[in-house]
Amino acid sequence: MIPNLINTILGLALVYATVLHPTWVEQPYFPLAAFAILMLLMALWARRSDSHPWFSNVNVVLAIALGVLSLLPLPTLPELTFWSGLWIGVLVPTIALWAAIYKPAPSS
């Protein structure tokens, strides 16, 4: 539950940075790579406590996609940086918060 809450905060911070500080996010390697590494570590840690493995699997794939994006020449691709940072930053916290809150009903 704790890694999912941390991933929720990381995703919201990514959206904040993407929307309000786009030139900071467009720097080569560091900002998006740091978000990607932290999101990947939190998703792998959350895998142990998630009720379904797909929650963390989706967040792992999104973190890897963000890591691959950080290798591109981002200052020359501002639209790609904005939209991918925004969508990954929206999807990761949504899924992570869903995983933190969702508890299946006990089977009888």
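Yes/no per residue for (1) under 19 Å from Leu5 (Cβ atoms); (2) open to solvent by 20 Å² or more (accessible area, probe 1.4 Å); (3) in a helix (DSSP H, G or I); (4) touching a Gly at 6+ places or on another chain (Cβ under 9 Å):
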| site | (1), (2), (3), (4) |
| --- | --- |
| Ala33 | no, yes, yes, yes |
| Ala36 | yes, no, yes, yes |
| Phe82 | no, yes, yes, no |
| Ile88 | yes, no, yes, yes |
| Val92 | yes, no, yes, yes |
| Ala105 | no, yes, no, no |
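Pairs are defined by a Cβ separation below 6 Å, a sequence spacing of at least 6 or placement on different chains, a first member in segment 44-60 that is touching a residue at least 40 places away in the same chain (Cβ under 8 Å) and under 18 Å from Lys103 (Cβ atoms), and a second member that is polar (S, T, N, Q) and part of a helix (DSSP H, G or I); the pairs so defined are Ala46/Asn4; Ala46/Ser56; Asp50/Ser56.
Residues in segment 53-66 that are more than 11 Å from the chain's Cα centre (by Cα) and crowded, with 16+ Cβ neighbours inside 10 Å: 1 in all.
Taking (1) open to solvent by less than 70 Å² (accessible area, probe 1.4 Å); (2) assigned to a helix (DSSP H, G or I) in turn, Asp50 satisfies each apart from (2).
The values are calculated or read from the model by the stated rules, or taken from the named source; none is laboratory data. Keep in mind that what you see is a predicted model, and the values were worked out from it rather than measured. A quick note on method: Cβ atoms are made from the backbone with ideal geometry, for glycine too, and the neighbour counts reach across all protein chains shown. Note: areas computed on protein heavy atoms with side chains; ligands, DNA, RNA excluded. Shrake-Rupley method; radii C 1.70, N 1.55, O 1.52, S 1.80 Å.
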